[in-house]
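The values are calculated or read from the model by the stated rules, or taken from the named source; none is laboratory data. This structure is a prediction, so every number in the text was calculated from the model and none was measured. Reconstructed Cβ throughout: ideal geometry from the backbone, glycine too, with neighbour counts over all protein chains shown.
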Amino acid sequence: MARFTSWADKIYAQARDSWTETDEQRYAARLMLGTLAPGSRVLDIGTGRGRDVAVLAGAGHEAVGLDLTPLAEWEKIRADYDRASFEVRGFMDYRPTGAFDAVLDSGCFHHQHPDDLDPYLEKVRDVLVPGGSLWLNVFRRRSDDCAFTENPTAPWTDGRYIRTYVESTVKALLTGHGFSLVSHTVIERDDLRAEVDDMLVHAVRPKQ
Ligand SMILES: C[S@@+](CC[C@H](N)C(=O)[O-])C[C@H]1O[C@@H](n2cnc3c(N)ncnc32)[C@H](O)[C@@H]1O
């Protein structure tokens, strides 16, 4: 059972989901698109309003969006693209019907409960085909003085964990779960007290 408080429900209900419309947040799917074989099957964990599912399905891929919060926009995306689908489900409770060529996690993993981090990455590995790609977009702290640490002992005031990484720790985390690293890209952002950027990591589940 995923450990989750309803921070996102409230934010979406009050239209305070500032991440949805930022260029930075959409960068991951754009970069990913350039690497996918035609007709790939892609899972978007923590899809939010489904912007990336629309981009992926619009490019001809089968895109499945998963989120704990159902959002009204999904209906139009489903109507516009035959190959787009959504499921209201926490990732740890998700039972896919088949493996994915790629997984996108743009801003979801770094909010998970500390006890879920290892099982979550194991599960990402398991839902990928051998050779499949993970595109993981996480917060990257600019310095050790950052208020947001890698191992917060308590959730933020709104109920979500906010975890930040540096290159070496995110790489160690992913290789520790059997992924091979392909690239990482720092995406600058100007919110979060100017202490945090995004880091988009592309990693692959080895073929054997
Ligand atoms: C910062 S938002 C990013 C949304 C989207 N990826 C985007 O780029 O617009 C994080 C999303 O992850 C969802 N979420 C958090 N934990 C989740 C989990 N365990 N399983 C599925 N979705 C989750 C939240 O409901 C929220 O919509």
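Remarks
- Among the candidates 116, 101, residue that is modelled with pLDDT under 95, under 27 Å from residue 70 (Cβ atoms) and among the charged types (D, E, K, R): 116
- Taken over segment 65-84, the criterion of being within 12 Å of the ligand (Cβ to nearest atom) and in contact with a helix residue (DSSP H, G or I) (Cβ under 7 Å, 6 or more places away or on another chain) is satisfied by 65, 66, 68, 69, 71.
- Residue list for segment 163-201, restricted to those being within 25 Å of residue 18 (Cα to Cα) and small (Gly, Ala, Ser): 194
Yes/no per residue for (1) of a type outside the set (A, V, I, L, M); (2) crowded, with 16+ Cβ neighbours inside 10 Å; (3) farther than 23 Å from residue 50 by Cβ:
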site: 102; (1), (2), (3): no, yes, no
site: 110; (1), (2), (3): yes, yes, no
site: 122; (1), (2), (3): yes, no, yes
site: 135; (1), (2), (3): yes, yes, no
site: 138; (1), (2), (3): no, yes, no
site: 201; (1), (2), (3): no, yes, no
site: 206; (1), (2), (3): yes, no, yes
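- Matching residues, segment 124-133, being away from the ligand (no atom under 16 Å from the Cβ) and surrounded by fewer than 16 Cβ atoms within 10 Å (Cβ to Cβ): 129, 130, 131
- Among (1) within 11 Å of the ligand (Cβ to nearest atom); (2) touching a helix residue (DSSP H, G or I) at 6+ places or on another chain (Cβ under 8 Å); (3) of a type in the set (D, E, K, R), the one test that residue 93 misses: (2)
- Only listed residue being of a type in the set (D, E, K, R), under 18 Å from the mean Cα position of the chain (by Cα) and either away from the ligand (no atom under 13 Å from the Cβ) or at pLDDT below 95 (or both), chosen from 62, 87: 62
- Residues being farther than 17 Å from residue 148 by Cα and either polar (S, T, N, Q) or near the ligand (Cβ under 10 Å from one of its atoms) (or both) - total across segment 107-122: 2
- Count of residues meeting criterion [part of a loop (DSSP other than H, G, I, E, B) and surrounded by fewer than 16 Cβ atoms within 10 Å (Cβ to Cβ)] in segment 7-28: 4
- Within segment 35-151, helices (runs of 4 or more DSSP H) holding 2 or more residues that are β-branched (Val, Ile, Thr) and touching a residue at least 24 places away in the same chain (Cβ under 8 Å): 51-58, 117-127
- Among the residues making up segment 1-28, those that are under 19 Å from residue 105 (Cβ atoms), near the ligand (Cβ under 8 Å from one of its atoms) and of a type in the set (D, E, K, R) are 17, 26.
- Residue within segment 29-43 that is surrounded by 20 or more Cβ atoms within 10 Å (Cβ to Cβ) and near the ligand (Cβ under 7 Å from one of its atoms) present: no
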